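Written out below as structure tokens is the structure these notes cover.
The values are calculated or read from the model by the stated rules, or taken from the named source; none is laboratory data. Source: prediction; values computed, not measured. Heads up, the Cβs are rebuilt from the backbone with ideal geometry, glycines too, and the neighbour counts pull from every protein chain shown. Remember, those area values only see protein heavy atoms, side chains included, never the ligands or the DNA or RNA. Shrake-Rupley method; radii C 1.70, N 1.55, O 1.52, S 1.80 Å.
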Amino acid sequence: MRFVHTADWQLGMTRRFLGAGRPGQAAGEAQARFAQARLDAVVALGRVAADEGAAFVVVCGDVFESNLVGPDVVGRACEALRGFTVPVLLLPGNHDPADAALVTRRADFARRCPSQVTVLDRAGVHEVAPGIEVVAAPWTSKRPLTDLVADQLRALEPAPRGVVRVLAGHGAVDVLSPDAHDPAVIHTDACRAALADGRIHYVALGDRHSTWALPGEPRIGYSGAPEVTSHDETDPGNVLVVDADHDGAVVRPVRVGRWAFTRDHATTDTDADLEALDARLSSLAAPERTALRLACEGTLTLRQRARLDDVLAAHAPVLAALEVDAAELVTRPDDADVEALGLSGFAASAAAELASGADDAEALDALALLHRLAAAGGER
């Protein structure tokens, strides 16, 4: 039995670093493209399900960013789901729990929801097709007081002969959770036991946005988000194609995401370092879909610092986002910086005095201002 395991679509997600306008780019333009990319990933995984001959798609929580998303997000989500040719099962997670405000119970969702979509807002066994069952462990509040997956496992008998069962859950597993006292943590030993005695044949989880499988047990794992959501994720952008039966499961990741939230580090001590950084940024494969956090360190002259600022300013409008950490970057003027100003007399003496006090932030700012004024005058 083949199916597609996915989770954490979080449609309607916003990212603050994509929302601010920059020179040459309209405010929020990158955020709009990112929102569309999340829908595009949903459409892409629908094609994966069709191409792979999957029996169904299970979305293990956090379909929406929250239960308060606008009707535009709901409407576009339903249109993306309309293209699926197999059943799609949506499990409520911590972002969109099955409480009184559940977005999939709203009139705007019900009006546009395609017929092949089923919301797993009722815990327990759901028959997808003859011989295929999904055991749902939906979140019904923001703060569950028990292990919802273990609750469902305890209620199960071994699957009937010829039936393949998939458990759909959401939340942190015990081997990854930083909070050992969280009552909602999913206990992997309980999952292993249920796999061993045939109550279930695969544990499909959501909540972790990077693709991950329990070491030594590929039948317990996270698909990750189909499109990146954070700079801290290690392997986002996948869905899992799963072939499961009573004897085991074969799990294969398929990439559908197209964006990248990346971190980079640049040592900038020389002109050659600055040229190398410019070349590296120019070589990015898809800068319009890349949100980059760049940490710079090194010691630069004022002229070199101006060159660095020019390099970053040239690439910022093309990138989806560029955040620069210059905390480890030191600027130290040299004699050539003063000479480049072309000053004489008292003005030259004042500039030399400012350069000699380069450890003083105000002196450095004043000297940098002189350079900008001189450059502006030269451009005129």
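Near Ala100, within a Cβ-to-Cβ distance under 13 Å, what is the net charge of the other residues, with Lys and Arg +1 and Asp and Glu -1?
Values: positive: Arg105, Arg106, Lys142; negative: Asp96, Asp99, Asp121.
Net of charged neighbours comes to 0.
Taking K and R as +1 and D and E as -1, what net charge do the other residues with C-beta under 10 Å from the C-beta of Val185 add up to?
Working: positive: none; negative: Asp147, Asp174, Asp179, Asp182.
Result for the local shell: -4.
Report the charge-dipole magnitude of region 130-180 in Debye, nearest 20, computed about the Cα centre from +1 at each Lys and Arg Cβ and -1 at each Asp and Glu Cβ. Mind showing how you got there, number by number?
Values: 5 positive and 6 negative charges, 28 e Å.
Result for region 130-180 is approximately 140 debye, rounded to the nearest 20.
On full extension, the segment bounded by Ala110 and Thr270 gains 51.5 nm, given 0.36 nm per residue less the C-alpha separation.
How high is the FRET efficiency from Ala196 to Ser230, r the C-beta distance, R0 45 Å, rounded to 0.05?
On the way: r = 34 Å, r/R0 = 0.76.
The calculated FRET efficiency here is 0.85.
Classify region 98-236 from the C-alpha gyration tensor, please: rounded if a/c falls under 1.5, else prolate or oblate depending on whether a/b exceeds b/c. Before the final figure, lay out each step's value.
Working: a/c = 1.45, a/b = 1.06, b/c = 1.37.
Rounded is the answer for region 98-236, as its axis ratio a/c remains below 1.5.
Per residue, region 57-103 exposes 31 Å² of solvent-accessible protein surface, assessed with a 1.4 angstrom probe and all protein chains in place. Charged side chains reduced to their Cβ positions (Lys and Arg at +1, Asp and Glu at -1) give the chain a dipole of some 1940 debye around its Cα centre.
In the chain, carbon and sulfur make up what percent of the accessible area (probe 1.4 Å)? Write out the running numbers ahead of the final one.
On the way: 9100 of 17320 Å².
Carbon with sulfur: 53 percent of the solvent-accessible area.
As a check on your grasp of the helix formula, calculate [θ] at 222 nm for the chain: sum -39500 (n - 2.57) over DSSP H runs of n ≥ 4, divide by the residue count, round to the nearest 500. Please report the intermediate quantities before stating the final value.
Values: 11 runs with 124 residues, N = 380.
Using -39500 (n - 2.57) per qualifying helix, the result is -10000 deg cm²/dmol.
Given the C-alpha centroids of region 188-254 and region 282-299, what is the distance between them in whole angstrom? Using only Cα atoms, the two centres lie 31 Å from each other. For the pair His181 and Arg258, the difference between a 0.36 nm per residue extended length and the Cα-Cα distance amounts to 24.0 nm. For region 186-243, what does the alpha-carbon gyration tensor say about shape, rounded, prolate or oblate, given a ≥ b ≥ c as the root eigenvalues, a/c under 1.5 as rounded, and a/b over b/c as prolate? Prolate.
Extending 7 Å from the Cα toward the beta-carbon at both Arg2 and Ala50 defines two label points whose distance is 1.5 nm.
Using Cα springs under 10 Å in a Gaussian network model of the chain, which residue among Ala100, Ala249, Ala168 shows the largest mean-square fluctuation? Among Ala100, Ala249, Ala168, the largest GNM mean-square fluctuation belongs to Ala100. Its Cα gyration tensor gives the chain an equivalent ellipsoid, and the semi-axes of that ellipsoid, as √(5λ) in whole Å with the largest first, are 54, 21, 18. Using 0.36 nm per residue and subtracting the Cα-Cα separation, the extra length available between Arg82 and Leu68 on full extension is 2.9 nm. Top mean-square fluctuation among Ala291, Ala266, Ala137, Gaussian network model of the chain, C-alpha springs under 10 Å? Judging by the Gaussian network model, the answer is Ala266.
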